[in-house]
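Data block below; observations after.
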Amino acid sequence: MQDRLQAMQIFMRVAELQSFTQASVSLGLSKTHVSNVVAQFETFLGARLLQRTTRTVRLTQDGQSCYERCKSLLAEFQELESLFQLQAEQVSGGSESICLQALPVT
């Protein structure tokens, strides 16, 4: 699942910057890796998401639909993560105020 989330994030960054090179720099990844991940994501989905030329990268119609859906899914996933991180912080923060009596040693 992490691979698909990463693929969505990489695809979205390429789409936003309209450049594999700029996306790779901003993500701290090699251009080859970014290109391979996007190509594998397209293969997995069975759709061409980006129209590539030597000078431009543009979303296809399927790519635009995928971009919008990925944006929503990643936002929901981040919200889910935040929800449980907040709960974990509240639980760990609240445990400091709990006093337990020692059990007798037998």
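Please treat every number below as a calculation from the coordinates, not as lab data. The shown structure was predicted, so the numbers you read here are calculated from the model rather than taken from an experiment. Here Cβ is always computed from backbone atoms with ideal geometry, including for glycine, and neighbour counts include all displayed protein chains.
Tabulated values for the structure
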quantity: Where a residue in region 11-36 is of a type outside the set (A, V, I, L, M, F, W, C) and its partner, wherever it lies, is surrounded by 14 or more Cβ atoms within 10 Å (Cβ to Cβ) and not in a helix (DSSP H, G or I), with Cβ under 8 Å and at least six apart; calculated: Gln18/Val57; Ser19/Val57
quantity: Some residue of region 60-73 being of a type in the set (S, T, N, Q) and not in a helix (DSSP H, G or I); calculated: yes
